[in-house]
């Protein structure tokens, strides 16, 4: 491949668009991690084989795409240009898919079925889950082959870079500032302001700054960064290039989780393709701008999402945070000004330059024309997971309510259960109750309510979720992930865990709640880094909104949700038909009973493994 | 040791990339042997104490050999609320090992992992390179049997 | 300077001061577990939190690492601060209930019994409290990383790699000495000192000084003695082209930053394990350009100052690569870089003055600056062939050989005597001594020959003018050689004595002696041996050996005034060119010191007069020094002196009777 100039982008785009137009339709097979695990690569191969055998491979093309974000229904296939959406596609469905495609019809059983009306909905755009979304960061998901740079260019990739190369540095920064975009990784710091600090510092000190892309998506329950890199790695590269041009960096790093092998592979392919084309390296697009990107694999430490710990890890050290200030934008990697933005933030940058700061600022909530701090502009990707009908990634304008997301997009709570809480902001966030469903989803409202935006995980919990157990879960998670350097975080988490553990075992005492609040306050005031400072949020927010549940555990020694093992028991009710499946599956032979007779669980033997509940088809197992 | 040197060379003996070197060493030996770390120290000049801190700090590394099939049970939030703790209990019971341990036949090792980023499929586990979603307690014995069989063939 | 308020009290501090330092100035005590000036604030224990109002908001910060950069108000005792510290102490006490310093701080904050039960409770009084001092001391003070943290979260612990003894540990005991709880201790004390605690105390003092002061004073740990090149050039003391001049416009090419960029190891490289100064430096993967190992990549041990100045400036070669190559081959051939360099500088000056020519040098153009020819001579010396055989014999023999074989004029022979920089047959090391009479004595009166390790008095004498009279100089030439000899007796290195000084050294009456360190050595001796001595006894120990050595020299025909002679190049300008290059300085001295009327005098006339005066001065200096040392007019120790110091052994007295 030849190194290209700015003007060549158009030619490549037109050529590729022309190539695609020659086909009658494109069968886009989702090849994100979720769908791959459900067999989508095999599906893709079989599709190609079938088309070839039927001499149709000149009329229909098969494109492996990145993650669609609707992983629970995988493997997913979308037929473009009509946007026909098939889910849970199996190899044996292939001949019929092709037959119907030729006829201009659909395979009904693979279509999405609306939960309210029961009607099949053939087109993606008409599915509520997708219809309400506005795609900026995810604009190319499922549409391009992430391993083909020409596909990306055909969708406009690197146009904004070409534009940025014509602009002066301060103008780029001003554009980003005016858009009002705030960091999508957790803290919500205005991106343009961060860039400006790094730019000015490097000018004053006459040093070359660095660019880092944080792809160490740490918050459990959030996977938008993985999706973006898997689906559209070039947007991340382009965002970083624009940032580099803006602040004058010549070297950038992507710090990516080891748990995301597919994303890493795609990113490395994208980097090498961009290098070959002269979109990375020396004299980018024929200009005098040079920029290289290296990838670093994370090795499994949540704390490395913290900027200073991430820098430490990139330099080949244990990921221990250091005191801020100075912030990395002033003194970061190798002591040089360094801007760190997460994947989603970088993915927004090319669009901001393309469509303009004003366009972006108009989306979202609040008026950011004076200061990015006054609102939350743009969209945010959430991963809507947990006890919800439609799990998956949703990109929505900031400012819509939790209710809209959970019920209108997510389809509400399945299995006839009740909504109990939604957890946002990862381990540092909090749990919001039903009374907060009308809350506007933006940086400041969430923080005010005792949670936070974080990187966009949104875990919906039904009434079978114990909030004390959830708090214990987060504290246990953080206790395990705390680097252990500073006293309040290390010892505070140990203390909180001990207390929560006692409470969930029915050994809670009066004063436990107050002691936890005291510990939490010290942790938030005195901890060294953001991990420790926010580590107690899950405890504080659950105490705030679900205090009665704590009291039930402490005073009544009961777990109302039926989760805490020490406080519950399993029994068989009269629904039992004596089918014997539970007694066969019980790993400790605690269930006895004759065929067609009601069974009995021996509480002395029962280890509360839940397998009986899982396998029973008659709702005959009760957990209390 | 030749393998270790190849790995170190692959990363140009760059001290910034010791974590990557160690990941490759872990993949190669299923653990981090002391001799390998000493070689990394020798070549990169990164002190052994610092490498040891890294080994014990990051979850990817293990000082004792991990099983042929590494089982990772996702303990992310979405998986937690969808029953991951019960799945984890089930594995510890079936394999008679705790988190971080390896079965005596060297076949399986068990880890809890923070979020595999497949929250839509919760609860999720991986065995080796394969990812399984929507796992039930009752699935665990079947899955393990499949791998045991696969190993015997 | 910035004005800040701490608990209502105003104080002015320098920008960049920490709150903890500022509080100390007000005698306010902030509890902190890891506060030691000598290691960087680590910010782990968090006990030192305070509230700060920076104008925008009141926030809690750790006072150990919060740098004051603007006017702030600090609240040490706010309710919030007290509550936070109290909870931190409650957490710590629940884990380490018996560690005295934690108990004490906790009691001060009213915590007696913690409410939490800690799963990892450690009842030891000497429990490790994870403050990080030892780890940071090992890294920052000793430049080793033997101990480190391992694990994370509740599993965090301080260990050696793989949690067992690590052979690379040199047992320097710095970690044990800095540990506030006694969690680290030595199980085996090498050398079995009589008083281990006393050794530790003064050992730590040196280590701490080195850590705190070296960076700004000398950077011995960063560049070793190579830092001297720039200083010597600045003071006109860097020998260039055989000691003719003391500075050169190209000297910057040999400055320490050039070599620092080439030093590759970045490790503490001392002569012995555990040296906190660790001034040895080396260059890895240097590709040789000449000689038997041409093309090979080698490790070069050095270069140090003497090699840089000798093989560089003094040969008129301002190429660091040549210095490195010469360094390597001198080491490889077993040749001293100083003798090689000074000897070759003499040869080059002879060559340029017609005493030698290409016929005699084996066709080598031995001009100053000729790198190729210079390197060839070194290889010839190594191989033992060509002109190298003659150069390899040293200046004293070369002078004899050239006199005998080269058919020279008397003037040329005298010239050779003046510029051949050796005394007692040993080549001069690399300092220009022309303007320091005391330093001329330092070289000329040294027992082993022209080496600076007995007395290095240039700065005291010339730069600082601390020893103006003959008596002062004689006192210095008594004290310092004796003091420095003591290091030889003990097998100690001299560099830590005076290259890095205590912070308050300048406030002493006799800063040149580094009294703080002399006290340290007295303590080392006493603590090691169990025998109490004072600083006078220390000198007395040396005097016995020093005088005995002089008697020994005398017995072999050297220990007398004649053998203390020095070449005139080391005392003043030999040529007009030299005189004229520093004419202002010499003229001024002629007028002010000797009332010499320079009006209408030629350079040669002025030079001759100066020479007469300076040579007389040198002899007067010898008189004064012999007298101070208790020697006779000819520089031979008297029998009375030997008796006084208890060295009147019969054999010694027998030798001295011949004097």
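The values are calculated or read from the model by the stated rules, or taken from the named source; none is laboratory data. Quick caveat, the model's predicted, so the values are computed rather than measured. All Cβ positions, glycine included, derive from the backbone under ideal geometry; neighbour counts span all protein chains shown.
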Can you give me the number of residues within segment C:5-55 that are more than 14 Å from chain A (Cβ to nearest Cβ), under 26 Å from residue C:138 (Cα atoms) and surrounded by fewer than 14 Cβ atoms within 10 Å (Cβ to Cβ)?
1
Being under 19 Å from residue A:186 (Cα atoms) and not assigned by TED's automatic domain parsing to the domain that holds residue A:302 narrows it down to one residue among A:508, A:532, A:484; which is it?
A:532
Residue A:241 vs. criteria under 19 Å from residue A:161 (Cβ atoms) and surrounded by fewer than 23 Cβ atoms within 10 Å (Cβ to Cβ)
no
Using the structure shown, decide if residue A:469 is more than 9 Å from chain C (Cβ to nearest Cβ) and over 25 Å from residue B:111 (Cβ atoms).
no
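Quick one: would you say residue C:120 is at pLDDT 90 or above, within 14 Å of chain A (Cβ to nearest Cβ), under 20 Å from residue A:490 (Cβ atoms) and surrounded by fewer than 19 Cβ atoms within 10 Å (Cβ to Cβ)? It would help to see each step written out before you state the result.
Details: at pLDDT 90 or above: yes; within 14 Å of chain A (Cβ to nearest Cβ): yes; under 20 Å from residue A:490 (Cβ atoms): yes; surrounded by fewer than 19 Cβ atoms within 10 Å (Cβ to Cβ): yes.
Against the criterion (at pLDDT 90 or above, within 14 Å of chain A (Cβ to nearest Cβ), under 20 Å from residue A:490 (Cβ atoms) and surrounded by fewer than 19 Cβ atoms within 10 Å (Cβ to Cβ)), residue C:120 qualifies.
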Of these, C:455, C:471, C:446, C:438, which one is in contact (Cβ under 8 Å) with a residue 40 or more places away in the chain and either part of a loop (DSSP other than H, G, I, E, B) or surrounded by 17 or more Cβ atoms within 10 Å (Cβ to Cβ) (or both)?
C:438
Name the residue that is farthest from the other protein chains (Cβ to nearest Cβ), counting only residues in segment B:31-43 that are buried (at least 21 other Cβ atoms within 10 Å of the Cβ) and in contact (Cβ under 8 Å) with a residue 24 or more places away in the chain.
B:36
Criterion first (in a loop (DSSP other than H, G, I, E, B) and either closer than 28 Å to residue C:421 by Cα or modelled with pLDDT of 90 or more (or both)) does residue C:248 satisfy it?
yes
Take segment A:373-405 and flag every residue that is within 22 Å of residue A:542 (Cβ to Cβ) and buried (at least 23 other Cβ atoms within 10 Å of the Cβ).
A:382, A:383, A:384, A:385, A:386, A:387, A:388, A:402
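Here is a check on your reading of the model: is residue C:94 over 22 Å from residue C:21 (Cα atoms), modelled with pLDDT of 90 or more and within 13 Å of another protein chain (Cβ to nearest Cβ)?
So residue C:94 fits the description; yes.
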Please determine, by comparing only the residues of segment B:128-153 that are surrounded by 16 or more Cβ atoms within 10 Å (Cβ to Cβ) and more than 11 Å from chain A (Cβ to nearest Cβ), which one is farthest from residue B:82 (Cα to Cα).
B:147
Touching a strand residue (DSSP E or B) at 6+ places or on another chain (Cβ under 6 Å) and either part of a helix (DSSP H, G or I) or in the same structural domain as residue A:334 (by TED's automatic domain parsing) (or both): is that true of residue A:289 in this structure?
no
From the list B:89, B:105, which residue is within 7 Å of chain A (Cβ to nearest Cβ) and either surrounded by fewer than 24 Cβ atoms within 10 Å (Cβ to Cβ) or touching a residue at least 40 places away in the same chain (Cβ under 8 Å) (or both)?
B:89
Conditions: (1) within 13 Å of another protein chain (Cβ to nearest Cβ); (2) part of a loop (DSSP other than H, G, I, E, B). Residue C:172 meets all but one. Number of the miss?
(1)
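To keep it simple, each residue is scored yes or no on (1) facing another protein chain (nearest Cβ under 10 Å); (2) part of a loop (DSSP other than H, G, I, E, B).
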| residue | (1), (2) |
| --- | --- |
| A:490 | yes, no |
| A:507 | no, yes |
| A:521 | yes, no |
| A:528 | yes, yes |
| A:532 | yes, no |
| A:539 | no, no |
| A:542 | no, no |
| A:548 | no, no |
| A:553 | no, no |
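Would you be able to tell me the number of residues in segment A:295-308 that are farther than 14 Å from residue B:19 by Cα and more than 8 Å from chain B (Cβ to nearest Cβ)?
5
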Only unsatisfied item for residue A:270, checking (1) farther than 23 Å from residue A:161 by Cα; (2) buried (at least 23 other Cβ atoms within 10 Å of the Cβ); (3) more than 14 Å from chain B (Cβ to nearest Cβ); (4) out of contact with any strand residue (DSSP E or B) (no Cβ under 9 Å at 6 or more places or on another chain), is (1)
Residue in segment A:358-365 that is over 20 Å from residue A:448 (Cα atoms), at pLDDT below 95 and in a loop (DSSP other than H, G, I, E, B) present
yes
Residue match in segment A:433-450 (condition: buried (at least 24 other Cβ atoms within 10 Å of the Cβ) and under 17 Å from residue B:80 (Cβ atoms))
no
Check segment A:231-238 and report whether any residue there is more than 14 Å from chain B (Cβ to nearest Cβ), more than 19 Å from the chain's Cα centre (by Cα), within 19 Å of residue A:288 (Cβ to Cβ) and buried (at least 24 other Cβ atoms within 10 Å of the Cβ).
yes
Restricted to segment A:472-487 and to residues being in a helix (DSSP H, G or I) and at the interface with another protein chain (Cβ under 8 Å from one of its Cβ atoms), the residue surrounded by the fewest Cβ atoms within 10 Å (Cβ to Cβ) is A:480
If the requirement is being under 30 Å from residue C:83 (Cα atoms), in contact (Cβ under 8 Å) with a residue 40 or more places away in the chain, more than 13 Å from every other protein chain (Cβ to nearest Cβ) and crowded, with 19+ Cβ neighbours inside 10 Å, which of these qualifies: C:134, C:218, C:179?
C:179
Checklist (1) over 14 Å from residue C:351 (Cα atoms); (2) more than 37 Å from the chain's Cα centre (by Cα); (3) free of Cβ contacts under 8 Å to residues at least 12 places away in the same chain applied to residue C:363, failing item
(1)
For segment B:68-83, which positions are within 9 Å of chain A (Cβ to nearest Cβ) and touching a strand residue (DSSP E or B) at 6+ places or on another chain (Cβ under 6 Å)?
B:72, B:74, B:75, B:77, B:78, B:81
Just need a number here: residues in segment A:390-431 that are more than 16 Å from the chain's Cα centre (by Cα), assigned to a strand (DSSP E or B) and within 14 Å of another protein chain (Cβ to nearest Cβ).
5
Among the residues of segment A:201-228, count how many are part of a loop (DSSP other than H, G, I, E, B) and more than 13 Å from every other protein chain (Cβ to nearest Cβ).
4
Index of the failed condition, residue A:446 passing every other in (1) assigned to a loop (DSSP other than H, G, I, E, B); (2) more than 8 Å from every other protein chain (Cβ to nearest Cβ):
(1)
